[in-house]
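These notes are about the structure you will find just below.
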Amino acid sequence: MTVTLITGAASGIGLAVAQKLAAEGCGLALVDRDGDKLEAVAAGLKGAAEVRIYRGDVTDAAQVSETVEAVIADFDQIDGLVTSSGIVRVRPSFEVSAQEFRDHLEVNVTGSWFYAQAVGRQMAAQKTGSIVMIGSVYGIGGAPDRAAYCASKGAVHNLVQALAVEWGPLGIRVNAVAPTGVRTPMVQNLINNGQYNLAGVRGRTPLGRLAEADEIAEACAFLLSDRSRMITGDILRVDGGWAANGYTFAN
Ligand SMILES: NC(=O)c1ccc[n+]([C@@H]2O[C@H](COP(=O)([O-])OP(=O)(O)OC[C@H]3O[C@@H](n4cnc5c(N)ncnc54)[C@H](O)[C@@H]3O)[C@@H](O)[C@H]2O)c1
């Protein structure tokens with residue numbers, strides 16, 4: 001049984017990754033700060049060898065260490081890590097508070113780092129493992145009213161490259177998946193608040209639509225698997241060509 005730890009597993013992309021890996025018969029350790037949603041998600045998963053849930057906040061270093069220790073005690077191994085917990089707020093940069101900027105870095109970057117460091121120690125002892133962080137096309141290019149989010153995702157992409165270089169010799173691969181817009185609760189919330197330029201994103205995207213969460217999960221499953229054994233330090237865009245199109249401007 002391969003065992004994968006997924007953060008942000010109660011919703012959106014993290015949930016889609018959990019569903020895909022469950023269908024492949026994996027063991028799953030699911031982490032989210034929303035414990036009620038996590039319970040409901042775990043109850044609905046089909047095909048997994050074993051599912052366990054761990055309620056926790058990825059920004060709390062001590063809690064991350066405790067959670068990873070508990071996962072190792074429960075499963076004896078961790079083969080894969082997907083960091084999908086994240087936040088986004090859309091606001092003109094002059095109005096972004098110090099706390100809001102820090103929150104983006106804390107959840108999106110530091111939380112991913114805490115999990116990578118704690119799980120990476122176990123993977124180093126095992127001499128094998130694959131880590132996938134969810135980045136974003138907004139970590140490749142800029143977008144208005146998203147300075148904190150863009151900064152955090154750019155940092156995630158470079159964190160991935162730094163860890164890939166350092167941990168490759170230890171048998172650990174580290175990659176990012178950079179999605180375009182995906183209609184998860186995160187984006188639906190922005191659409192509902194009139195903060196998402198749906199027509200603009202579609203217009204810029206050669207394939208003409210947002211991504212589905214399971215299309216992001218497919219890329220994660222590939223990067224977790226042995227099929228990608230020669231790939232590390234990569235930022236795999238799943239964006240319908242959004243980032244290839246430097247011609248039009250849209251957020
Ligand atoms: N949806 C998109 O269009 C899109 C595009 C590119 C990248 N992403 C990234 O994909 C990841 C998942 O996004 P999503 O769209 O599935 O969002 P989502 O809001 O549906 O899910 C995010 C999950 O993370 C959890 N979470 C947030 N902060 C946490 C914390 N401090 N500790 C533990 N759990 C926490 C939430 O409870 C939630 O269950 C994020 O990193 C996001 O930035 C999303």
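Within the bounds of region 221-230, is there any residue that is under 22 Å from residue 152 (Cβ atoms) and near the ligand (Cβ under 10 Å from one of its atoms)? No, the conditions are met nowhere in region 221-230. If you go through region 63-78 and pick out every residue that is in a helix (DSSP H, G or I), open to solvent by 40 Å² or more (accessible area, probe 1.4 Å) and not hydrophobic (A, V, I, L, M, F, W, C), you end up with 5. Every test in (1) under 18 Å from the mean Cα position of the chain (by Cα); (2) open to solvent by less than 50 Å² (accessible area, probe 1.4 Å) is passed by residue 60 save one, and that test is (2).
Return yes or no: is residue 157 in contact with a Phe, Trp or Tyr (Cβ under 7 Å, 6 or more places away or on another chain) and either in contact (Cβ under 8 Å) with a residue 40 or more places away in the chain or outside any helix (DSSP H, G or I) (or both)? Taking the combined requirement at face value, the residue does not satisfy it. Among residues of region 175-200 that are within 12 Å of the ligand (Cβ to nearest atom), those with a Cβ under 7 angstrom from a residue that is open to solvent by 20 Å² or more (accessible area, probe 1.4 Å) and among the basic types (Lys, Arg), sequence gap 6+ or separate chain, pair up as 178/237.
Residue by residue, here is whether (1) touching a residue at least 60 places away in the same chain (Cβ under 8 Å); (2) exposed (fewer than 14 other Cβ atoms within 10 Å of the Cβ) holds:
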| residue | (1), (2) |
| --- | --- |
| 30 | no, no |
| 42 | no, no |
| 48 | no, no |
| 80 | yes, no |
| 85 | yes, no |
| 93 | no, yes |
| 96 | no, no |
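For beta carbons closer than 7 Å, sequence separation of 6+ or different chains, a first residue in region 217-238 that is over 27 Å from residue 10 (Cβ atoms) and a second that is surrounded by fewer than 18 Cβ atoms within 10 Å (Cβ to Cβ) and among the aliphatic types (A, V, I, L, M), the qualifying pairs are 233/165. Each residue in region 151-174 was checked for being more than 11 Å from the ligand (Cβ to nearest atom), hydrophobic (A, V, I, L, M, F, W, C) and touching a helix residue (DSSP H, G or I) at 6+ places or on another chain (Cβ under 8 Å), and 8 pass. Only a single item in (1) open to solvent by 80 Å² or more (accessible area, probe 1.4 Å); (2) without any contact (Cβ under 8 Å) to a residue 60 or more places away in the chain is not met by residue 162, and it is number (1). Looking only at residues in region 98-130 that are over 18 Å from residue 168 (Cβ atoms), surrounded by fewer than 19 Cβ atoms within 10 Å (Cβ to Cβ) and hydrophobic (A, V, I, L, M, F, W, C), the one that is nearest to the ligand (Cβ to nearest atom) is 105. In summary, residue 133 fulfils each of the numbered conditions (1) away from the ligand (no atom under 11 Å from the Cβ); (2) open to solvent by less than 20 Å² (accessible area, probe 1.4 Å); (3) hydrophobic (A, V, I, L, M, F, W, C) with the single exception of condition (1). Summed over region 1-57, the residues that are out of contact with any Gly (no Cβ under 9 Å at 6 or more places or on another chain), in a helix (DSSP H, G or I) and away from the ligand (no atom under 15 Å from the Cβ) give a count of 1.
For region 165-174, the set of residues classified as touching a residue at least 40 places away in the same chain (Cβ under 8 Å) and either open to solvent by 40 Å² or more (accessible area, probe 1.4 Å) or under 16 Å from the mean Cα position of the chain (by Cα) (or both) consists of 165, 170, 173, 174, listed by residue number.
The values are calculated or read from the model by the stated rules, or taken from the named source; none is laboratory data. Keep in mind it's a predicted model, so treat the numbers as computed, not measured. Cβ sites come from the backbone with ideal geometry, for glycine too, and all protein chains shown count toward neighbours. Keep in mind that these areas ignore ligands, DNA and RNA; they rest on the heavy atoms of the full protein, side chains included. Shrake-Rupley method; radii C 1.70, N 1.55, O 1.52, S 1.80 Å.
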